[in-house]
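First the structure, in the form of structure tokens, and then the observations on it.
No lab work stands behind these numbers, since they all come straight from the coordinates. Every value quoted in this text rests on a predicted model; they were computed, and no experiment measured them. Don't worry about glycine lacking a Cβ; one is built from the backbone with ideal geometry, like all the others, and counts go over all protein chains shown.
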There are 2 protein chains.
Amino acid sequence: MSIQFQIEATRDDARAGKLITPHAVVETPVFMPVGTVGTVKGIPQDLLEELGVNILLGNTYHLYLRPGVETVRQMGGLHGFMSWDRVILTDSGGFQVFSLNELRKVTEEGVTFRSHLDGSTHFFSPESSMEAQIGLGADIIMAFDECTEFPANWERMRTSMEMTARWAARSKKYFEEHKGEVPWGRAHVRPDASIGAGERQLSVQAAELRCAGQTRASALRQAEASRKNPAGTSVSAAGGATQSLFGIVQGGMDFELRRESAERTIEIGFPGYAIGGMSVGEPRETSREVVKATLAHLPKDKPRYLMGVGTPEEIAMYAGMGVDMMDCVLPTRAARHGLLFTSAGKISIKQARYAKDSGSLDPACRCRVCQRYSRAYLRHLYAANEVLAQVLNTIHNLSFYLDTMQRVRHSIRLGEGTRPPSGVSSQPKP
Amino acid sequence: MSIQFQIEATRDDARAGKLITPHAVVETPVFMPVGTVGTVKGIPQDLLEELGVNILLGNTYHLYLRPGVETVRQMGGLHGFMSWDRVILTDSGGFQVFSLNELRKVTEEGVTFRSHLDGSTHFFSPESSMEAQIGLGADIIMAFDECTEFPANWERMRTSMEMTARWAARSKKYFEEHKGEVPWGRAHVRPDASIGAGERQLSVQAAELRCAGQTRASALRQAEASRKNPAGTSVSAAGGATQSLFGIVQGGMDFELRRESAERTIEIGFPGYAIGGMSVGEPRETSREVVKATLAHLPKDKPRYLMGVGTPEEIAMYAGMGVDMMDCVLPTRAARHGLLFTSAGKISIKQARYAKDSGSLDPACRCRVCQRYSRAYLRHLYAANEVLAQVLNTIHNLSFYLDTMQRVRHSIRLGEGTRPPSGVSSQPKP
């Protein structure tokens, strides 16, 4: 079993459903916070659980460089390493080797690049990306693609798209041959129908360890790491659960190339499909049109993942168009810059106008930050460069995003469409 | 009512008791985390509550500079500003104007110094320190003293001690004349016998606000800020509760000067007495002797507060000697440098030896960090300069300190003495 996707309700193009993965069940459409190097910056995992995060994203490029795939593998994969027993998705590293590295050399084989940490030279290919992602052990992993730059002429978009298609086939080949090497061990979490922080079944081994007095997390980690895993041996994980590899559609901003990329990716065959190469500097209206055009070519019965998007209005809009999964650094990165999304618009908390504002950040928000602290305090924390500013701001922005998606899911099920709640706006507050 | 101190058990010189303050009850001996600018760095207040923090310390010097006393006053004092309804103690600013400011001018009147933030010139005196601390509204405030430098010859220790005594009298005079200006409003938390995160009674006004749907914290903040407070008007806080001003004993490392300082401070009369001017570079054995000698001159029926101390072994030792309250930046500051106190000794988590260590940080520790994460993960977070490193390290170190004091209190009540739990050591792990 790798992944199951069940659509339970639709409204126009939007779908509300469940992604059943080896570690947990995820309600869709879903927004995935980014936990770049195995941490959603500043937020402990138990707080992520309380916020209702069921799936988060790890960046293979960053983890490969530090702490390294081997370290993570020995901890039982990312789940064991970061003590997270819900769902993880890793990207392929394809985006960062392009976006973070000016000096790189791209051939049919792969990409040679330099570490942004220490300048050392590395090489990523479809095969090595799969190897890394198998070692990291996320539930969902991504094909190694080339993220086409913007702007690009038609010829460039086409050759890039075609190489992505060839790399997708190589990704799948390597993955199918090696997916048994995932370091999950005999114990991993079985999904069940309940969502959120409810009980999950552990395999017998982990359950025995728990009875012996270990904490759930350390039992899971020990069980996950305990399985011997000689290179090249195809060993199935418990119950036959494996990772799932998603394909990525490229093609720049050309509708026809997008169609062709979709068809070629579907022809190779994946349990889910992502739309990559968006949010690379194109106008917002172009993004919308390209995504809409691409969605039309993706199978309806498989999850559709729009990578790297977006603002609160965008995630609601794209969910309305039939996207099932999205990820973006925006809520967490904006939080660290004191930019907070509220039901009345975006607020820059560092502004002097908030210095003596005793009101809640967002009276309509139920998160613990809005329920407890004043704007004056949040502003003070930011002005004083206090770590708590980053922590509280991130808690709020994540809550805002997760609440937005929760309302979208609810409205799909109720048949009400997916407009964001009235007043939600990413525009700066006047 | 300002403060009540009840000793409930003794064992040799150690006392276990309760400090009953306007906002809450604190079990003693107690260790107070430092929340310099109104935040215990990186830890949200609800997490502090869960860790069992009942009293924290704010630094008047820092808060005076940013965000400023007036801002805090308008938010209902520090309790309202930082949404903390347990106990707060502020220091007088005396220590920082000396320790953070090379360029300063000390006269009988007070201290002229420059802000470390922007170089602007300021002046602190006993009167202005009291004014600031009244505006900040902590439950316990400290007399404005001169922290004698180390080393100092006898003449210098004497003249410094005598000025501290004169400043103590001026502090008390100003405080008694102006304590009614504390910005607590008609609502503040009544203490009750239960300790920890239990229910507390709110005054009628705040209770009504809660019933109207406000959160407890915002109700408290609104109630605290709502009382009009024209300058110079002596208005009692609800139920007559006021702040308490503690005196500080100085005298350098000279036993006779310490005795004289104690007597002169007691002669002025305070509800509690602190031992200041320690941990200024003196040898550890000297600290112990001076504190022991000074304690002998302090009244047994009043709380004794040793400022700026110490390691886990020291806080247990001093509690055994009869100290009731201590504060120190060590657990929080060490945490930010990856130095973690464990039952097997101090660990520097950044060391390469932990890079693949799947074990718990401290198997004997029940904190959420030790219950969930591996040393490898903590080491990775620190190496990657992640904010979560600071957050998790701080949670652990604070838990370690608070658990240490909890065991000390327990052992006093059981009559077992106050040695730290076997194995507790601040020495580096071999």
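Things worth noting here:
- Each principal axis of the Cα atoms in the stretch A:1-123 has its own extent, and those three values, largest first, are 48, 34, 29 angstrom.
- Within the straight-line cut-off of under 17 Å between alpha carbons, the lysines reachable from A:LYS18 are A:LYS300, A:LYS302, sequence neighbours fewer than 8 places apart in one chain being disregarded.
- Size descriptor for the stretch B:1-65, Kirkwood hydrodynamic radius: 13.4 Å (Cα pairs only, one decimal).
- Taking Cβ atoms as reference points and 14 Å as the exclusive limit, the residues near A:SER92 contribute a net charge of -4, counting Lys and Arg as +1 and Asp and Glu as -1.
- Label-point spacing for A:ALA364 across the identical copies (point 7 Å from Cα in the Cβ direction), in nm and ascending order: 5.3.
- Computing Rg and the Kirkwood Rh from the Cα coordinates of the stretch A:284-399 gives a ratio, Rg/Rh, of 1.09.
- Quotient of the Cα radius of gyration of the stretch A:67-116 and 2.2 N^0.38 Å, N being its number of residues: 1.44.
- Volume per residue of the C-alpha convex hull in the stretch A:56-180, rounded to whole Å³: 103 Å³
- Kirkwood hydrodynamic radius over Cα pairs of the stretch A:316-373, then Stokes diffusion coefficient at 10 °C and 1.306 mPa s, in µm²/s: 120 µm²/s
- Label points for B:LYS105 are taken 7 Å from Cα along Cα→Cβ. From this copy to the others they lie 6.7 nm apart, shortest first.
- Across the copies of the chain, A:THR10 has label points (7 Å from Cα along Cα→Cβ) spaced 8.1 nm apart, shortest distance listed first.
- Nearest-0.05 FRET efficiency for B:GLU8 and B:LYS292, computed from C-beta distance (R0 30 Å): 0.80
- Contour minus Cα-Cα distance for B:ASP46 and B:ARG156 (0.36 nm per residue): 35.1 nm
- Cα-only Debye scattering, the stretch B:251-316: base-10 log of I(q)/I(0) at q = 0.18 Å⁻¹: -0.64
- Net charge of neighbours whose Cβ lies under 11 Å from the Cβ of B:ARG304, counting Lys and Arg as +1 and Asp and Glu as -1: 0
- The stretch A:237-382: relative contact order as a whole-number percent, Cα under 8 Å and 6+ apart: 15 percent
- Set of lysines with alpha-carbon distance to A:LYS356 below 25 Å, sequence-local pairs under 8 removed: A:LYS346, A:LYS429, B:LYS41, B:LYS179, B:LYS228
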